[in-house]
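K.L.:
One structure, as structure tokens, below. Some questions next.
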Amino acid sequence: MKRSRSIRLALLGTVGLVGLAGCDDTPVASEGQFFRDASECRKVLDAASCESQFAAARQEHIKSAPRFASKEQCEAQFGAGNCGTPEQVAQAPATGAATPAAGATPAAPAPAPAQQTAQSSGGGSFFMPLMLGYLGGQMMSRMGQQPQPVYRDAQNNAYSGGSAGRRSIGSWNPAGRSVATPAGASSSSQRSGFGSTATRMSSGSGS
Amino acid sequence: MTGLRRERLVPRVDWRRRAEEIGFSFHTMGGVPYWDETACYALTAEAVDGLEEATNELEQMCLALVDRVVSAGDYARLRLSDEAAGLVEASWKRGDRNLVGRFDLSWDGEGPPKMLEYNADTPTSLFEAAVVQWEWLETVKKGSDQFNSIHDRLIEAWGKFGIRNAVHFTCVRDHAEDFGTVEYLRDTATQAGLATSFLHVDEIGWNGLGFTDLDEQPIRTLFKLYPWEWLLEEAFGRNIGPSRVQMIEPAWKMVLSNKAMLPLLWEMAPGHPYLLPAAFEASGVEGPRVRKPILGREGANVEIVGEQSADGPYGEGDFVYQALHRLPKTDGGYPVIGSWVIASQSAGIGIREDEGPITRDTSRFVPHYFT
């Protein structure tokens with residue numbers, strides 16, 4: 001093979017040049033940072049970005065969360081207390097509590113339009129898992145990627161769903177508050193430990 | 001008939017617009033076109049076969065050299081620190097995969113091409129070679145062929161890494177060419193199904209256990225367009241080993257991105273038709289010679305001994321000497337053939353011309369085709 005068959009660019013410039021290949025895969029999301037809700041996000045990101053990421057994850061959740069005919073079927077996969085009707089799911093705050101009771105008092109400012117979206121796609125009643133948090137943060141926002149809802153399954157695994165597909169992100173902390181991070185790691189990193197040579201040379205580093 | 005011929009051309013009136021449409025943001029640098037389609041190079045099919053064969057053979061020799069250096073523990077002549085040597089050894093023994101490299105070849109269309117050097121760690125002009133000249137071929141020389149399967153091979157190579165976590169990409173700030181190169185590579189990784197993101201090299205965090213991105217998420221695989229020897233000298237350098245981050249290019253590329261590899265290769269394969277005589281001392285090379293800093297970039301501080309030299313920031317370090325093999329002189333200057341290897345396979349070429357016989361970062365990229 002001496003030459004490329006066709007060239008398609010997913011991120012740069014226009015999509016595809018000449019003689020497009022048939023495939024149409026969308027870019028995969030970066031890992032993102034886990035937040036239970038918008039207020040937790042505000043510790044690291046500005047309020048407006050947090051609200052909009054939370055709202056986007058919620059919308060994604062309502063649109064693409066798996067649906068079940070019965071609560072039992074849903075709970076078999078997602079664990080007891082982690083499922084509800086679209087109305088309950090839309091109202092329940094994303095507290096990440098291990099047993100969020102159906103119909104809990106709405107605490108987080110959940111966006112209203114989500115409810116309509118959920119009902120428009122079905123006729124009768126159905127059940128879906130609760131969104132227990134979301135993946136967002138600065139990297140995803142810079143990359144122009146969609147925040148993704150986060151779920152836990154009956155085996156306590158945490159994973160992100162939404163349009164990017166299912167992606168395992170670790171195990172759910174038993175306290176139900178966060179996705180586990182390795183012991184010994186500091187929660188705030190030091191930075192600027194790389195890059196000084198390029199600054200001194202005042203140059204790029206390619207060759 | 002020569003295997004390599006320069007043709008003058010009238011550039012497309014809308015070449016700038018076309019370049020920008022495909023995301024080629026650095027087509028003009030310092031007010032001067034870097035992308036130059038007032039000419040192109042025409043190669044014969046035999047010439048392309050010859051370049052491919054030479055490139056594959058050179059790459060195999062380079063891999064053999066790394067093995068030889070690691071087996072003998074011969075790091076002193078490469079001026080590698082103990083720490084660097086440890087990383088080289090560990091990455092070579094683990095069999096860490098590599099992605100990309102570019103041989104710079106001097107060839108006038110006759111006889112065997114000669115390797116001037118190997119940009120094994122941080123090669124640029126990749127996007128131009130893979131995509132921009134391909135777009136040119138499809139509109140200007142439709143029906144002709146081009147020695148260029150770089151794009152397909154990159155996507156294929158990413159797939160073979162077997163990476164299951166996100167891949168972070170990094171380079172310096174405010175440098176359009178480096179950023180364009182990294183974003184292109186990120187594009188190919190994305191198309192291979194990998195989760196990717198970008199951060200500047202100074203934004204990389206260290207949390208005591210591992211490197212982190214701006215969200216405090218672990219960096220498990222890092223593609224860095226930033227020289228290994230710079231990383232290791234800097235504040236976080238000593239954390240690379242303990243962090244167990246997967247680096248692309250891998251640490252063993254430090255053996256090859258260092259021009260001390262030129263005399264080592266000549267020592268391993270003296271008289272090889274694709275190599276030029278090279279030595280650590282001036283007296284080790286007969287006749288006209290070139291002095292090169294072992295860790296220089298973009299032609300900086302290269303000197304054609306007794307004739308002319310290029311300035312730059314690398315004048316203080318160690319040097320090697322290589323027999324002078326002049327680049328061919330055409331009516332557009334001096335062309336050097338950048339021959340790409342992707343995952344150690346010959347994948348295509350990109351030709352740059354410079355006004356002078358030492359190729360600098362002021363060179364122009366000129367497209368090619370073959371029939």
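K.L.:
Could you tell me which residue of the stretch B:119-147 is surrounded by the most Cβ atoms within 10 Å (Cβ to Cβ), considering only residues that are at the interface with chain A (Cβ under 7 Å from one of its Cβ atoms) and assigned to a helix (DSSP H, G or I)? Explain how you work it out, then say what you get.
P.N.:
Filtering the stretch B:119-147 down to residues at the interface with chain A (Cβ under 7 Å from one of its Cβ atoms) leaves B:119, B:122-124, B:131, B:134-135, B:138, B:145-147.
Of the ones still in play, those that are also assigned to a helix (DSSP H, G or I) are B:131, B:134-135, B:138.
Details: B:V131: 26, B:W134: 24, B:E135: 20, B:E138: 17.
Only one residue fits best here, namely B:V131.
K.L.:
Suppose we keep only residues that are assigned to a helix (DSSP H, G or I) and surrounded by 15 or more Cβ atoms within 10 Å (Cβ to Cβ) within the stretch B:27-48. Which one would you say is farthest from the other protein chains (Cβ to nearest Cβ)?
P.N.:
B:A47
K.L.:
Here's another thing I want to ask about it. One residue is enough: does the stretch B:345-363 have a residue meeting the conditions part of a loop (DSSP other than H, G, I, E, B), modelled with pLDDT of 95 or more and out of contact with any Gly (no Cβ under 6 Å at 6 or more places or on another chain)?
P.N.:
no
K.L.:
Go through the stretch B:213-240 and report how many residues are farther than 13 Å from B:N165 by Cβ, at the interface with another protein chain (Cβ under 7 Å from one of its Cβ atoms) and not acidic (D, E).
P.N.:
Going through the stretch B:213-240 one residue at a time, the tally reaches 8.
K.L.:
As an exercise: evaluate B:S71 against (1) assigned to a helix (DSSP H, G or I); (2) in contact (Cβ under 8 Å) with a residue 12 or more places away in the chain; (3) not β-branched (V, I, T) and give the number of the one condition it does not meet.
P.N.:
Unmet condition: (2).
K.L.:
With the requirement that a residue be of a type in the set (A, V, I, L, M) and touching a helix residue (DSSP H, G or I) at 6+ places or on another chain (Cβ under 7 Å), what does the stretch B:338-371 give you?
P.N.:
Here is the first cut: in the stretch B:338-371, the ones of a type in the set (A, V, I, L, M) are B:341-343, B:347, B:349, B:351, B:358, B:366.
Once the filter is applied, which keeps residues that are of a type in the set (A, V, I, L, M) and touching a helix residue (DSSP H, G or I) at 6+ places or on another chain (Cβ under 7 Å), the stretch B:338-371 yields B:V341, B:I342, B:A343, B:A347, B:I349.
K.L.:
Let me ask another. B:F24 versus (1) modelled with pLDDT of 95 or more; (2) assigned to a loop (DSSP other than H, G, I, E, B); (3) surrounded by 16 or more Cβ atoms within 10 Å (Cβ to Cβ); (4) not acidic (D, E): which is the lone unmet condition?
P.N.:
(1)
K.L.:
Restricting the search to the stretch B:296-338, which residues are modelled with pLDDT of 85 or more and within 19 Å of A:T197 (Cβ to Cβ)?
P.N.:
Passing the criteria: B:N301, B:D318.
K.L.:
If the Cβ limit is 7 Å and pairs must be 6+ apart or interchain, which residue in the stretch B:8-32 that is of a type in the set (D, E) pairs with which residue that is surrounded by 10 or more Cβ atoms within 10 Å (Cβ to Cβ)?
P.N.:
B:E21/A:G13; B:E21/A:T14
K.L.:
Is there a residue in the stretch B:74-81 that is basic (K, R) and within 30 Å of B:W252 (Cβ to Cβ)?
P.N.:
Keep residues of the stretch B:74-81 that are basic (K, R), which gives B:77, B:79.
With within 30 Å of B:W252 (Cβ to Cβ) added as a condition, the list becomes B:77, B:79.
The answer is yes; a qualifying residue exists.
K.L.:
Take the residues of the stretch B:248-269 that are touching a helix residue (DSSP H, G or I) at 6+ places or on another chain (Cβ under 8 Å) and surrounded by fewer than 20 Cβ atoms within 10 Å (Cβ to Cβ): which is farthest from B:A84 (Cα to Cα)?
P.N.:
Checked the stretch B:248-269; the qualifying residue farthest from B:A84 (Cα to Cα) is B:A269.
K.L.:
Checking the structure you have, find out if any residue of the stretch B:148-163 is part of a strand (DSSP E or B), facing chain A (nearest Cβ under 10 Å) and either surrounded by fewer than 20 Cβ atoms within 10 Å (Cβ to Cβ) or among the hydroxyl-bearing types (S, T, Y) (or both).
P.N.:
The answer is no, given that none of the residues of the stretch B:148-163 is part of a strand (DSSP E or B), facing chain A (nearest Cβ under 10 Å) and either surrounded by fewer than 20 Cβ atoms within 10 Å (Cβ to Cβ) or among the hydroxyl-bearing types (S, T, Y) (or both).
K.L.:
Taking B:K253 and the conditions (1) assigned to a helix (DSSP H, G or I); (2) within 7 Å of another protein chain (Cβ to nearest Cβ); (3) modelled with pLDDT of 95 or more, which numbered condition does it fall short on, given that it satisfies the others?
P.N.:
B:K253 satisfies every listed condition except (2).
K.L.:
Residues in the stretch B:195-210: is at least one under 27 Å from B:E53 (Cβ atoms), surrounded by fewer than 23 Cβ atoms within 10 Å (Cβ to Cβ) and of a type in the set (F, W, Y)?
P.N.:
To start, the set of residues in the stretch B:195-210 that are under 27 Å from B:E53 (Cβ atoms) comprises none.
Checked against the condition, which is being under 27 Å from B:E53 (Cβ atoms), surrounded by fewer than 23 Cβ atoms within 10 Å (Cβ to Cβ) and of a type in the set (F, W, Y), the stretch B:195-210 yields no hits at all.
K.L.:
Which one of these is among the aliphatic types (A, V, I, L, M), outside any strand (DSSP E or B) and either buried (at least 24 other Cβ atoms within 10 Å of the Cβ) or over 17 Å from the mean Cα position of the chain (by Cα) (or both): B:A64, B:A54?
P.N.:
Criteria check complete, one pass: B:A64.
K.L.:
Does B:A176 count as more than 7 Å from chain A (Cβ to nearest Cβ) and crowded, with 19+ Cβ neighbours inside 10 Å?
P.N.:
No.
K.L.:
Within the stretch B:355-368, can one find any residue that is surrounded by 23 or more Cβ atoms within 10 Å (Cβ to Cβ), more than 18 Å from the chain's Cα centre (by Cα) and not β-branched (V, I, T)?
P.N.:
yes
K.L.:
What are the residue pairs meeting all of these: first residue in the stretch B:193-212, first residue more than 7 Å from chain A (Cβ to nearest Cβ), second residue part of a strand (DSSP E or B) and among the small types (G, A, S), Cβ atoms under 6 Å, and 6 or more apart or on different chains?
P.N.:
Pairs found: none.
K.L.:
Between a first residue in the stretch A:42-65 that is without any contact (Cβ under 8 Å) to a residue 40 or more places away in the chain and a second residue that is crowded, with 18+ Cβ neighbours inside 10 Å, which pairs have beta carbons less than 7 Å apart while being 6 or more apart in sequence or on different chains?
P.N.:
As it stands, the answer is A:R42/A:C50, since those pairs meet every condition given.
K.L.:
Might you check whether a residue that is outside any strand (DSSP E or B), more than 12 Å from every other protein chain (Cβ to nearest Cβ), without any contact (Cβ under 8 Å) to a residue 12 or more places away in the chain and within 23 Å of B:D67 (Cβ to Cβ) occurs anywhere in the stretch B:96-109? Before the answer, list the steps.
P.N.:
First, the residues of the stretch B:96-109 that are outside any strand (DSSP E or B): B:96-99, B:107-109.
Going one step further and asking which of them are more than 12 Å from every other protein chain (Cβ to nearest Cβ), we end up with B:96-99, B:107-109.
Add one more test, that the residue is without any contact (Cβ under 8 Å) to a residue 12 or more places away in the chain, and what stays is none.
The answer is no, given that none of the residues of the stretch B:96-109 is outside any strand (DSSP E or B), more than 12 Å from every other protein chain (Cβ to nearest Cβ), without any contact (Cβ under 8 Å) to a residue 12 or more places away in the chain and within 23 Å of B:D67 (Cβ to Cβ).
K.L.:
When you scan the stretch B:270-287, how many residues do you find that are touching a helix residue (DSSP H, G or I) at 6+ places or on another chain (Cβ under 8 Å), under 27 Å from B:G50 (Cα atoms) and either assigned to a loop (DSSP other than H, G, I, E, B) or of a type in the set (V, I, T) (or both)?
P.N.:
Qualifying residue count for the region: 5.
K.L.:
Anything in the stretch B:78-95 that is surrounded by fewer than 18 Cβ atoms within 10 Å (Cβ to Cβ), under 30 Å from B:Y184 (Cβ atoms) and in contact (Cβ under 8 Å) with a residue 60 or more places away in the chain? List them, or say none.
P.N.:
The answer is B:A90, and nothing else.
So that you can scan it fast, the table gives a plain yes or no per residue for (1) assigned to a loop (DSSP other than H, G, I, E, B); (2) at pLDDT 95 or above:
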| site | (1), (2) |
| --- | --- |
| B:D174 | yes, no |
| B:G180 | no, no |
| B:D187 | no, no |
| B:T196 | no, no |
| B:D215 | yes, no |
| B:W230 | no, yes |
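K.L.:
Any chance you could count how many residues in the stretch B:308-318 are part of a loop (DSSP other than H, G, I, E, B) and in contact with a strand residue (DSSP E or B) (Cβ under 9 Å, 6 or more places away or on another chain)?
P.N.:
Final tally of qualifying residues: 7.
The values are calculated or read from the model by the stated rules, or taken from the named source; none is laboratory data. Computed from a prediction, not measured in an experiment: that's the story for all the values here. Glycine gets a Cβ as well: all are built from the backbone with ideal geometry, and neighbour counts include every protein chain shown.
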